[in-house]
Each structure stands twice: as C-alpha cells, then as structure tokens.
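Enquirer: The structure is given below, and queries will be raised subsequently.
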Amino acid sequence: MKLVDLKALKYFIAYGVMIVGFFTYSGIVGKKWFNPTPTHREGQPGTSHRVHGTGYRYHK
Amino acid sequence: MSGSNTISRCPKCNAENVLRGKAMTTNLSCYYCNIYYTIGKYKTEMVTFNHKEEPVLPIGLKGRIDNVVYEVMGFVVKKERRYKYSWNEYLLFNPFHGYAFLSTYDGHWNFIWPIEDTPPPNENDFYYTFEGTRYDLYQKYSADVVYAKGEFFFDVFEITESTANREFIAPPFLYGVEKSDDSLLSFKGEYVTRREVAKAFDIDLSTLPPKQGIGYTQPTGTSFSQRSLVTVTAILIGVALIIQLFFNSTAEEKEVFQGRYSQTEMNEQKFIKTESFNLSGGEKSVEVDIWAPVSNDYFFAEFSLINEETGAEYSFAKEIEYYLGYEDGESWSEGSTYGEAFISQIPGGRYHINIYPEFGRNAHEFTIRVIRDVPSNMNFMILAIALVIVPVIFGIRKRVVEGRRWQDSNYSPYDS
C-alpha cells in the first residue's frame, strides 16, 4: 500500500477509526447499538422525561 | 521551393503564407484558400477538403501547459477507418521543448507528447508496463485525415494513412504507439479538463465543446486503489475483531440473581418485588433471562429494574409465547418458552426488579435470571457491515464507471 493511497483514504480511515472507537466504548459500557429490548430510563441525573402512553406502574 | 524560410507561396492561389514554424514547417494549409500542400512539391500534391471545421483553439493562439508556453501550429480532424468516429488534434510547438499535441473527443482532452528511448510493447500485448505503471490496451486503429488547418512539421496525411496505432491507458495517462513500415513513434498523454484547457489558453470555457460521457483517460474521482481500500477495511475489521474477542474473553457473565415465582404467591399483589442484588463495576450490560412453561399459551410481564441508591429505573417488557399442534400429518410449533432482555449501560449499585406479570390460561409460573456484563457480538456485525459497505459501494461505482469508460473499446476487461 502506497503512502499516497493512505492520504487519499484519510476520510475513510477517520470514519473507520471513529466507528472502531465508538465500538470500543460501547463494548466497555455494555451498550448494544440496536437493542431489540426497548428500555425506558427514568430518574437518572440529567434525564427527567417520561415516556407517555406506556402501561408501566412503578412501585419503588 | 516557393518562398523563403519564413514565407511560403501557395501553389494554388499564389498568396504568401508567413510561416510560424519557419524552416521547421514542411506542410501547411494555405491561410487564404485553405488547400493543404507540401512546401516544394508540385500542384498535384495539393489537397482540398470536403470537411470544414473551425478549431476552437485558433492557429497562432498561445497557451501555458505545465509551465511551458506552446503555440497552436496546426489543427487536424481525423476519422477512424473502421468505426468512422472522428476526433480533433492540435499540434502545439515550443522552440525549446519541441512539439506536443492536444487531442479532443466528445469534449474530453488529452495533452500528448512524444517520448523516446522506450522499448515498445509487443504487437499482441494487451497491457504494457511503463515507468512502473500498468497500461491496458484500449484500442487499435487506423485513421485518415479529413481536415487540416495550419502548419505541420511532417505530412499529416502521409503519416496518418501509413500508421497503425495502439493506445494503452492507465487513467489519467495514456501510452500510444504509432507504427508504420519504417518508423515507430511512442507518446505519452495525460487527461486535461476543459477548465484547464480554457485556463491554459485564456479562453472562455463556454467556447469549448461540452463534455459527453466518460473520457477514456478521465480520472474517476478517486486517487486510491481498490486494493488499498480493501486492505484498510480489512485492517479496521481485524482490529475490531481483536477488541471483540478481548471483550468476549474478559466479560464477567456473572449470574447475580435467580428467582422462581408463581401466580399463587402473588395473592392480591399486582407485582412481584425480587430480592435485592448487587451489580458490580461501572456501566456494563445486564441480561435478564425469562422462562415460562407455556404451551399453546403466553406469558407477558413488564419489568422495572430499580437502583435502590439513586432511584433510577430501567423499564422494559417481555412476552413469551409458545404454540404447537398437529396439522395435515405434520407437527408444528412456533415461539419459545424462553425470552431474554438485554439492557445497556447499567451503572453498578444495589438493585431489585419489580415484575408486573400477566399470565395466560395454563402457565402460572415463571423463572428469571439476571446476568451482569454479557458481551454482544451484534455491535461487531454492525461495525463490519458499516465498514464493508464502503468498498462495496466503491466497487459497484467503479465497475459502472469503468464499464462506461471501456464501452467503446474492443478490449474491455468488463465485458462478460
């Protein structure tokens, strides 16, 4: 592979490194990119929204 | 010879033509009556044209190409003998650098210059390696001159009629060979855009013929090889695979809770609260596995994973159904008695789960198991697709573009 090819591919390499970086972060924190189990999160710092229309009843 | 080194008298109209090429000019078309003649030859050598075409780069126009100032000396329209398509060539001249050509077809331009001391390709070669670059055979042709204007340093009719031409391409470059019985001329060319031609000769871009299709040496917009793209993609996927294997081998996959519950235990309660359990470490995944002994029945439950220290809730639902039967001599079944829920990014802490079950007709119990730090290969699959899609699209585009580039060639590597 020539150096000039690497230069020409810099945007693709940046794209790839970004994806691999996010993949690594996701692996560390246990994040699934497309999770078949929709999960509603409430009561966490910085998130105060509620999902309307659900049948969930919370009993802490 | 009629005239001096700088003046040639037309053998037909007797007008005096001032020669731009001075003593180097051997042939010209009269600037007044437009017949083509060889200086010093008799009238029988004169050529008149049925075709007439005005060059978009006028004779005498000067332009700067690769920091060399060239003057347009001559203009030729050539027609290929077999397929009858025609193209234009401009003879350019610089007193120190000699002559070169600008060739144009369908609005695409190539700057072409002679090269010396190069062993030519063999007659039947389909590719030729020159200066470390592979050039693929694009065309073999013979042509006739149908129109000439200006001055020339050789008899363009004689040379064109007597030569067999081969052109090899490695866009944006071309390598050509003109071979006759007693001569061999090699030349190299490079694609130049209309804009570059207009800028070089300081003329308005709109005066140049519009571009049609893809020129046979036109760059396709990428300056890297497909092999390099595939290599980089493979490296990125390889790195991701190593990281994935690391995650798989280091994941705890620790069972932190298991419980079995039945409808009878609930009494009048609407929900079941599990015992508390600890989730260790920072943010990690949690998997909740659910079993319900359903048969032609379903089990549905809403779950709320609750952090007892922060009050944060993670709510999800899961339905399990399993149906089976015997129909038309065959057994069938669908669904499963098992289901799993994957919850991303759950911080460490003390948790319990509130379960709101909805039992079917037959099954009245269920089991859950909570596992901490479960790796998922799904992200890797998505990553691989997101990376591979780029060379795939590139390959498809390249094939389409290259197919169009080679569609006029008898030697297309894209013909199936």
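The values are calculated or read from the model by the stated rules, or taken from the named source; none is laboratory data. Predicted model only: the values in this text are computed from it and were never measured. Glycine also receives a Cβ, built like all others from the backbone with ideal geometry; neighbour counts cover every protein chain displayed. The accessibility values were calculated without ligands, DNA or RNA, using every heavy atom of the protein model including side chains. Shrake-Rupley method; radii C 1.70, N 1.55, O 1.52, S 1.80 Å.
Enquirer: Would you check the accessible area of residue B:10, probe 1.4 Å, heavy atoms only, in square angstrom rounded to 10?
Expert: Only protein atoms counted, so the area is about 0 Å².
Enquirer: While we're on this one: Can you put B:144, B:373 in order of accessible area, largest first, using a 1.4 Å probe?
Expert: Sorted by accessible area, descending: B:144, B:373.
Enquirer: May I pose another question? Just going by the charge dipole of chain B, with Lys and Arg at +1 and Asp and Glu at -1 on Cβ, which of B:278, B:383, B:395 is farthest out on the positive end?
Expert: B:395
Enquirer: Could you work out Rg/(2.2 N^0.38 Å) for chain B, with Rg from alpha carbons only?
Expert: Output field value: 1.81.
Enquirer: To the nearest µm²/s, what D does Stokes-Einstein give for the protein assembly as shown at 10 °C and 1.306 mPa s, using the Kirkwood radius over alpha carbon pairs as Rh? Please report the intermediate quantities before stating the final value.
Expert: Values: Rh = 29.6 Å.
Translational D for this selection: 54 µm²/s.
Enquirer: Find the centroid of the Cα atoms in the range B:59-92 and in the range A:1-45, then give the distance between the two in whole Å.
Expert: The distance from the Cα centre of the range B:59-92 to that of the range A:1-45 comes to 53 Å.
Enquirer: If you place +1 on the Cβ of every Lys and Arg and -1 on the Cβ of every Asp and Glu, how big does the dipole about the Cα centre of the protein assembly as shown come out, in debye to the nearest 20?
Expert: Details: 49 positive and 57 negative charges, 370 e Å.
Using only the charged Cβ atoms, the result is roughly 1780 debye.
Enquirer: OK, next. Return the whole-Å distance between the Cα centroid of the range B:97-144 and the Cα centroid of the range B:249-323.
Expert: What the calculation gives is 73 Å, centre to centre.
Enquirer: Determine the share of the range B:49-207's accessible area contributed by carbon and sulfur atoms, expressed in whole percent, with a 1.4 angstrom probe.
Expert: Carbon and sulfur atoms account for 48 percent of the accessible area of the range B:49-207.
Enquirer: Got the relative contact order for chain B handy, in percent, Cα pairs under 8 Å and 6 or more residues apart?
Expert: Relative contact order of chain B: 13 percent.
Enquirer: Further question: Would you mind getting the accessible area per residue of the protein assembly as shown, heavy atoms of the protein chains only, 1.4 Å probe, in Å²?
Expert: Here the per-residue accessible area is 54 Å².
Enquirer: OK, next. With solvent modelled as a 1.4 Å probe, how much accessible area in total do chains B and A shield from it at their shared surface, in Å² to the nearest 100?
Expert: 4000
Enquirer: Given an 8 Å cut-off on Cα distances and at least 6 residues of separation, report the relative contact order of the range B:49-207 as a percent.
Expert: 23 percent.
Enquirer: Computing the accessible area with a 1.4 Å probe over protein heavy atoms, can you report the carbon and sulfur percentage for the range B:329-416? Walk me through the intermediate numbers first.
Expert: Details: 2280 of 4390 Å².
That fraction is 52 percent.
Enquirer: Where in chain B is the longest stretch that carries no trypsin sites (Lys or Arg not before Pro) classed as loop by DSSP and with at most 15 other Cβ atoms within 10 Å?
Expert: Free of exposed loop sites, the longest segment is B:85-210.
Enquirer: Using only C-alpha positions, report the orientation-averaged shadow area of the convex hull of the range B:356-416, nm², one decimal.
Expert: 9.9
Enquirer: Share of Cα-Cα pairs in the range B:252-374 beyond 21 Å, in percent?
Expert: More than 21 Å apart: 42 percent of the Cα pairs in the range B:252-374.
Enquirer: Can you pull the mean other chain C-beta count within 10 Å for peptide B:374-384?
Expert: Shielding by partners across B:374-384 averages 4.
Enquirer: Accessible surface of residue B:136 in the full protein assembly, 1.4 angstrom probe, to the nearest 10 Å²?
Expert: Roll a 1.4 Å probe over it and residue B:136 shows about 50 Å².
Enquirer: Long-range amide H contacts for residue B:125: which residues qualify at under 5 Å (H placed 1.01 Å from N, peptide plane, sequence gap of 5 or more or a different chain)?
Expert: none
Enquirer: Report, in deg cm²/dmol and to the nearest 500, the calculated mean residue ellipticity at 222 nm for the protein assembly as shown, where each DSSP H run with n ≥ 4 adds -39500 (n - 2.57) and the sum is divided by the residue count.
Expert: Per the formula, -6500 deg cm²/dmol.
Enquirer: Let me ask you something else. Leaving ligands, DNA and RNA out of it, rank B:302, B:365 by accessible area with a 1.4 Å probe, largest first.
Expert: Working: B:302 25, B:365 60 Å².
I get B:365, B:302, largest accessible area first.
Enquirer: May I ask you to derive the relative contact order of the range B:283-410, considering only C-alpha pairs under 8 Å and at least 6 residues apart, and to give it as an integer percent? Numbers along the way, then the final one.
Expert: Details: 208 pairs, mean separation 44.7, N = 128.
With pairs under 8 Å counted, the relative contact order is 35 percent.
Enquirer: I want the local charge near residue B:34. Using Cβ-Cβ distances under 12 Å, sum +1 for each Lys or Arg and -1 for each Asp or Glu among the other residues.
Expert: After counting each charged neighbour, the total is +1.
Enquirer: With a 1.4 Å probe and all protein chains in place, put B:108, B:97 in order of accessible area, largest first.
Expert: B:97, B:108
Enquirer: Something else now. What list of ³J(HN,Hα) values in whole Hz, one per residue of the range B:79-86 in order, does the Karplus curve 6.51 cos²θ - 1.76 cosθ + 1.60 (θ = phi - 60°) give from phi, with Gly and Pro shown as x?
Expert: These are the phi-based 3J(HN,Hα) values: 10, 6, 6, 7, 9, 6, 7, 10 Hz.
Enquirer: Given the protein chains as shown and a 1.4 Å probe, how many square angstrom of residue B:68 are accessible, to the nearest 10?
Expert: Ignoring ligands and nucleic acids, residue B:68 comes out at about 20 Å².
Enquirer: Here's a follow-up. Please list the radius of gyration and Dmax for the range B:49-207, considering alpha-carbon atoms only, with Å as the unit.
Expert: Both quantities, over Cα of the range B:49-207: 15.3, 44 Å.
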